[in-house]
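*Asks:* Below is one structure. I have some questions about it.
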Amino acid sequence: MATLAERRWRRWRSTLRQLEPASSEITPIALALSRRRFAALSGLALMGAAPGLGACEAISPESLAIDDPQTPKSKATSYNNYVEFSPDKKAVRHIARELTMTPWPIEITGAVAKPLTLDAAELGSEFDVEQRVYRFRCVEGWSMVVPWGGIPLCRLLERAEPHGSAKFVEFVSLERPSEMIGQRRGSLDWPYREGLTIQEALHPLTLLTTEMYGGALPAQNGGPVRIAVPWKYGFKSPKAVTRIVVSATQPATSWQSKAPSEYGFYGNVNPDIAHPRWSQARENRLGELRKQPTLMLNGYADAVAHLYAGLDPATLY
Ligand SMILES: Nc1nc2c(c(=O)[nH]1)N[C@H]1C(S)=C(S)[C@@H](COP(=O)(O)O)O[C@H]1N2
Ligand SMILES: [Mo]
């Protein structure tokens with residue numbers, strides 16, 4: 001009997017074969033950056049092609065344009081998954097108002113030559129803030145289209161100079177039960193933790209997000225700083241990030257630890273692979289009555305499918 005993970009992997013493998021025939025493995029950072037396959041695959045502009053570590057690829061704005069109408073701000077900021085505050089999506093924004101967002105130190109540490117700590121308030125003066133309209137798909141079946149503003153995560157990572165052994169990046173959210181009243185309950189093992197492979201973390205679509213709809217990121221949406229990874233289910237976009245840890249080993253993540261058969265480490269959007277309890281083929285945009293088809297890798301397959309050829313069968317969902 002094939003396990004659930006094996007069955008899921010088989011379906012992923014056949015999907016990926018169609019999308020991208022060549023194979024790659026999780027590689028050390030230097031090799032990942034030398035590949036430069038992202039630009040070739042997606043037709044995205046490759047700028048500042050410095051050799052070796054620290055070359056962050058840029059994305060041309062045209063390649064990011066999407067036809068989908070933006071979700072009204074009132075919807076995107078009033079229906080929130082944020083277990084640190086409440087399991088009630090409509091209550092989150094009221095409770096999250098209590099969160100003190102200054103000061104907000106963000107530490108980049110672990111397998112890096114130059115660990116650094118920055119305050120969220122300094123990010124906008126230290127780095128260029130880019131505007132990105134992304135699709136966002138929750139694993140529960142609702143979705144939205146949001147104009148975020150933020151800094152490509154690779155810009156921060158390059159400043160910290162990851163070691164050649166770096167293979168993963170872990171994100172640790174705030175733990176402050178005095179304000180985050182949901183943390184007084186053991187619904188998750190606090191703090192909320194998420195993670196990406198180093199290639200995913202360095203991918204130019206991965207955004208350290210500080211703005212939404214042209215203003216500061218509200219507390220209920222993860223302010224002052226969250227991650228946005230548009231080709232993955234929403235739980236892979238952690239809110240209230242305070243620590244970014246580069247490591248050689250795969251970090252344990254909150255949802256995977258809680259329900260490993262339901263939420264994998266990768267969490268990639270795939271309409272062909274059902275959640276054990278519901279189909280993922282369709283989604284409901286916030287504010288819309290009808291459901292619409294979910295796109296492979298949330299519509300970002302051309303840009304990211306190459307990241308997933310040849311991965312460990314047991315983990316790719
Ligand atoms: N720290 C933290 N990050 C989190 C969550 C959470 O509960 N805590 N929920 C995740 C889930 S399941 C989703 S769908 C999105 C929701 O983001 P939104 O409220 O901005 O729509 O945040 C993700 N990031
Ligand atoms: Mo979610």
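The values are calculated or read from the model by the stated rules, or taken from the named source; none is laboratory data. What you see is a predicted model, and the numbers here were worked out from it, not measured in a lab. When we count neighbours, we look across all protein chains shown, and the Cβ atoms used for this are built from the backbone with ideal geometry, even at glycine. Accessible surface areas use protein heavy atoms only, side chains included; no ligands, DNA or RNA. Shrake-Rupley method; radii C 1.70, N 1.55, O 1.52, S 1.80 Å.
*Asks:* Take the solvent-accessible surface of the protein heavy atoms, probe 1.4 Å, and return the percent of it on the stretch 192-244 that carbon and sulfur atoms account for.
*Replies:* Of all accessible area on the stretch 192-244, carbon and sulfur atoms account for 51 percent.
*Asks:* Given the pairs 75/236; 89/239; 258/291; 90/291, which span a C-alpha to C-alpha distance of over 19 angstrom in this model?
*Replies:* 75/236; 258/291; 90/291
*Asks:* Mind listing the long-range amide H neighbours of residue 265? Cut-off is under 5 Å, sequence gap 5 or more, other chains count too, H placed in the peptide plane at 1.01 Å from N.
*Replies:* HN-HN under 5 Å from residue 265: 317.
*Asks:* Sticking with this one: Ordered by residue, what ³J(HN,Hα) values in Hz, to whole numbers, does the stretch 77-86 give under the Karplus form 6.51 cos²θ - 1.76 cosθ + 1.60, where θ = phi - 60° and Gly and Pro are x?
*Replies:* 9, 10, 9, 10, 8, 6, 5, 4, 9, 6
*Asks:* To continue, here is another question. With a 1.4 Å probe and all protein chains left in place, how much of the accessible area of the stretch 110-166 comes from carbon and sulfur atoms, in whole percent?
*Replies:* 49 percent
*Asks:* Solvent-accessible area of residue 212, probe 1.4 Å, all protein chains present, reported in Å² to the nearest ten, please.
*Replies:* 10 Å²
*Asks:* Taking amide H positions as placed 1.01 Å from N in the peptide plane, with prolines and chain starts having none, which residues 5 or more places from residue 195, or on another chain, fall under 5 Å of its amide H?
*Replies:* 171
*Asks:* From the phi angles alone, apply the Karplus equation (6.51, -1.76, 1.60; θ = phi - 60°) to the stretch 195-208 and give each ³J(HN,Hα) in whole Hz, x where the residue is Gly or Pro.
*Replies:* Running phi through 6.51 cos²θ - 1.76 cosθ + 1.60 with θ = phi - 60° gives x, 9, 6, 4, 5, 5, 5, 8, 5, x, 6, 6, 10, 7 Hz.
*Asks:* Right, next: Ordered by residue, what ³J(HN,Hα) values in Hz, to whole numbers, does the stretch 131-143 give under the Karplus form 6.51 cos²θ - 1.76 cosθ + 1.60, where θ = phi - 60° and Gly and Pro are x?
*Replies:* Result, ordered by residue: 9, 9, 8, 10, 6, 9, 10, 6, 4, 6, x, 9, 8 Hz.
*Asks:* Related question: Along the principal axes of its C-alpha atoms, what lengths does the stretch 184-253 span, in descending order and rounded to whole Å?
*Replies:* Over the stretch 184-253, Cα extents along the principal axes are 36, 36, 21 Å.
*Asks:* Enumerate the amide H contacts of residue 106 below 5 Å, restricted to partners 5 or more residues apart or on another chain; note that Pro and chain-start residues carry no placed amide H.
*Replies:* Answer set, sorted by chain and number: 118, 119, 120.
*Asks:* Could you give the semi-axes, largest first, of the ellipsoid that matches the stretch 125-269, computed as the square roots of 5 times the alpha carbon gyration tensor eigenvalues and rounded to whole Å?
*Replies:* Gyration-tensor ellipsoid for the stretch 125-269: 21, 19, 16 Å.
*Asks:* I've got another one for you. Give me the net charge for the shell around residue 114: Cβ to Cβ below 9 angstrom, other residues only, Lys and Arg +1, Asp and Glu -1.
*Replies:* 0
*Asks:* Another question about this same structure. Report residue 142's accessible area, 1.4 Å probe, all protein chains in place, as a number in Å² to the nearest 10.
*Replies:* Using a 1.4 Å probe on the heavy atoms, I get roughly 20 Å².
*Asks:* Give me P(r) over the stretch 57-181, computed from all C-alpha to C-alpha distances, binned every 10 Å, as integer percentages.
*Replies:* Here the calculated profile for the stretch 57-181 is 10, 29, 38, 22, 1.
*Asks:* Quick one: accessible area per residue over the stretch 45-174, 1.4 Å probe, rounded to a whole number of Å²?
*Replies:* Details: 5810 Å² over 130 residues.
Computed with neighbouring chains in place, this is 45 Å² per residue.
*Asks:* Before I look further, what does the stretch 194-291 give for accessible area per residue, probe 1.4 Å, in whole square angstrom?
*Replies:* Accessible surface, normalised per residue, equals 31 Å².
*Asks:* Tell me the accessible surface of residue 158 in square angstrom (1.4 angstrom probe, heavy atoms of protein chains only), to the nearest ten.
*Replies:* Roughly 60 Å² of residue 158 is accessible to a 1.4 Å probe.
*Asks:* Going toward the positive end of the dipole of the stretch 133-266, with +1 on Lys and Arg Cβ and -1 on Asp and Glu Cβ, which of 208, 141, 252 do you reach last?
*Replies:* Value computed over the given set: 141.
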